[in-house]
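Worksheet: one structure, shown below.
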Amino acid sequence: MSVNKEIKRITTNTIQEMKVRGEKISMLTAYDYSMATIVDDAGTDIILVGDSASNVMAGHETTLPITLDQMIYHASSVVRAAKRALVVVDLPFGSYQGNSKEALNSAIRIMKEAGAHAVKIEGGVEIAESVSRILTAGIPVMGHLGLTPQSIYKFGTYTVRAKHEAEAQKLREDALKLQELGCFGIVLEKIPAKLAKEVSESLQIPTIGIGAGQHCDGQVLVIHDMLGINKGFKPRFLRQYSNLYDIMHDAIKNYNTDVKSNSFPNEKEQY
Ligand code: KIV
């Protein structure tokens, strides 16, 4: 007799029901099998294979250089690890802006080659046609508004977005449009908490905030940031739950010392 309890997969419907119940949704990024195994096992509802992999995995300054092939590689590793979480994958810069057919082809590749459960795409009304076309193929779409890092060269800075009424109003309209098109959720990045509250309350679909305050329906952080692996990165919105940089640094230093002093391996650690 098997004692293994079947794990119930989180779906976009589960996420919707959580909003209705007022239950907060937890989302974290992961880009590889080992990290995704821990994130999933710890009960995270959504794993985002973010294009922030461009920064934290590849060391680029922005999210722009990462390719669709690279996103598929990261996503397929995460999908193999995730037993419970819903796996959402970013459409990277340059894989959807050309036209809606290109957007659909990119989303199909992510679903087919990586086995993802949904895609995320940055932008509002200007990408409505692409969002619609992807949804028509039965692929769930998560929106992303506010600070959209793929547009960093347009913004010029990573500071808080939608502080002024014109941009706030566009964000309200974009959020309603994404909901109307059929998105199952929207990431709100770095916008005033008051605006995020208003948008979250006005929508039937859940909002997931990063630097958008406590009234969003869920929260997302980049795993390397919340674990303290990115030593120098400490924006106001980030709660650092560990200091893995120092913990790993010390462990590796001890290993190096042991190898050089010939105290590793010892007699018990050999055959
Ligand atoms: O790429 C990413 O990690 C993201 C989150 C910051 C929301 O889009």
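The values are calculated or read from the model by the stated rules, or taken from the named source; none is laboratory data. Source: prediction; values computed, not measured. Positions of Cβ are backbone-derived with ideal geometry, glycine not excepted, and every protein chain shown enters the neighbour counts. Protein only, heavy atoms only, side chains kept; ligands, DNA and RNA dropped before computing areas. Shrake-Rupley method; radii C 1.70, N 1.55, O 1.52, S 1.80 Å.
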Is it true that Glu129 is acidic (Asp, Glu), open to solvent by less than 40 Å² (accessible area, probe 1.4 Å) and farther than 20 Å from Ser76 by Cα?
no
Given the residues Gly182, Gly143, which is the only one that is at pLDDT 95 or above and closer than 22 Å to Ala53 by Cβ?
Gly143
State which residue is farthest from the ligand (Cβ to nearest atom) when the search covers only segment 1-30 and only residues that are modelled with pLDDT of 95 or more and among the hydrophobic types (A, V, I, L, M, F, W, C).
Val20
Which residue out of Asn99, Asn55 is closer than 27 Å to Lys154 by Cβ, at pLDDT 95 or above and crowded, with 16+ Cβ neighbours inside 10 Å?
Asn55
Sole residue being more than 16 Å from the ligand (Cβ to nearest atom) and at pLDDT 95 or above, chosen from Tyr73, Tyr33:
Tyr33
